[in-house]
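Data block below; observations after.
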Amino acid sequence: MDRRRWTIVIMPPEGGRTRELWLSRRRMRWLGGGVATAALVVLAAASLLITPWGTPGARMVAAENAELRRELAAADQRFLALEDTVSALAKREGEMRVLAGLSPAESTIEATGEELALTDDAPALNATLGGTVASGSGDRRRPFLGRLGWSARPSLDRLMERATALARGFDEVTDTLKLQSERVKALPSIMPTSGWLSSEFAKSRFHPILHENRPHNGIDLTAEIGTPIVAPAAGVVVYSGWDSGFGRTIEIDHGHGIRTRFAHCASLSVRRGQRVTRGQLIAAVGNSGLTTSPHLHYEIHVNGRPVDPLTFVLPDDATP
């Protein structure tokens with residue numbers, strides 16, 4: 001058996017007590033092998049972690065980063081185009097609100113050049129991707145690569161909020177314009193027949209047959225028997241038949257609380273429940289009922305109250 005051994009002498013400074021360690025040859029071999037193994041492990045790890053840029057792996061990473069930069073640049077252009085589109089829609093929505101007579105909505109009032117939230121983390125992302133991005137604040141046209149960083153989502157969320165608000169605004173404008181269009185269609189804005197104005201709207205008028213003062217809730221348009229009578233606005237016929245005193249009579253409900261009445265007709269061309277449009281033939285001038293001559297008695301009622309028909313239409317074709 002090999003009994004040779006190594007002696008290690010430890011001498012402290014300034015004459016302290018000397019110590020000696022004895023290591024056998026076998027233990028020295030074990031110690032040397034351990035040190036060598038540890039050195040190999042360290043070298044292997046270093047070779048994996050430290051990769052020169054000239055290796056195939058480094059070139060692949062560089063190519064992937066370049067492709068990512070190109071994709072982000074394309075995304076940047078699409079994002080800016082989306083911002084411009086939303087701004088243009090906001091301006092158009094504001095114009096339509098004015099057209100519809102609506103006040104501006106606070107939720108849709110946005111400055112055309114409003115800047116979305118930007119990030120100051122661009123340099124860190126740049127370092128990762130090997131790119132260069134300007135970091136000046138307040139530049140709306142800063143590349144999306146820089147604005148993306150780690151806080152692009154709040155900007156996208158804000159853009160989505162604006163788009164949602166605009167959608168609600170357009171719905172409101174559409175509903176308002178539709179309602180206004182329906183109201184315009186319901187207004188009796190044309191004279192129902194040609195002729196001359198022989199009697200105006202009055203709170204009290206001497207009746208030529210009953211010989212007493214009575215309200216005259218409409219106007220009289222004198223014309224030849226058979227002269228066409230047309231609907232002054234779109235609506236639904238709610239009465240078509242004989243009415244005591246008025247003779248052959250038609251009543252039309254135009255919606256929005258507006259009704260019209262046409263009396264003393266010679267003939268009726270529409271029936272109850274029929275929908276009519278402005279200008280459609282509904283009857284002919286006659287002298288049925290209590291009347292002294294052929295004419296059309298024309299009334300307009302708003303929410304159940306008679307109003308002067310001449311407030312709805314200028315009687316250009318009627319001469320007093």
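Where a number appears in this text, it was derived from the coordinates with a stated rule and is not lab data. Given the structure is predicted, the values throughout are model-derived calculations rather than measurements. A quick note on method: Cβ atoms are made from the backbone with ideal geometry, for glycine too, and the neighbour counts reach across all protein chains shown.
Sorting D220, D253 from the fewest to the most surrounding beta carbons within 10 angstrom yields D253, D220. By the count of neighbouring beta-carbon atoms within 10 Å, fewest first, I258, I300 end up ordered I258, I300. Computed over neighbours whose Cβ is under 14 Å from that of P294, the net charge equals -1, Lys and Arg +1, Asp and Glu -1.
Counting every other Cβ atom within 10 Å of each residue's Cβ, L102, L221, L281, L166 order from fewest to most as L281, L102, L166, L221.
Can you work out the FRET efficiency for the pair I225 and A167, with r the C-beta to C-beta distance and R0 = 56 Å, to the nearest 0.05? The formula returns an efficiency of 0.45 here. When you count the other C-beta atoms within 10 angstrom of each residue and take the mean per peptide, 85-91, 64-70, 228-234, 243-249 line up highest first as 228-234, 243-249, 85-91, 64-70. The charge dipole of region 232-320, taken about its Cα centre with unit charges on the Cβ atoms of Lys, Arg (+1), Asp and Glu (-1) only, comes to about 340 debye.
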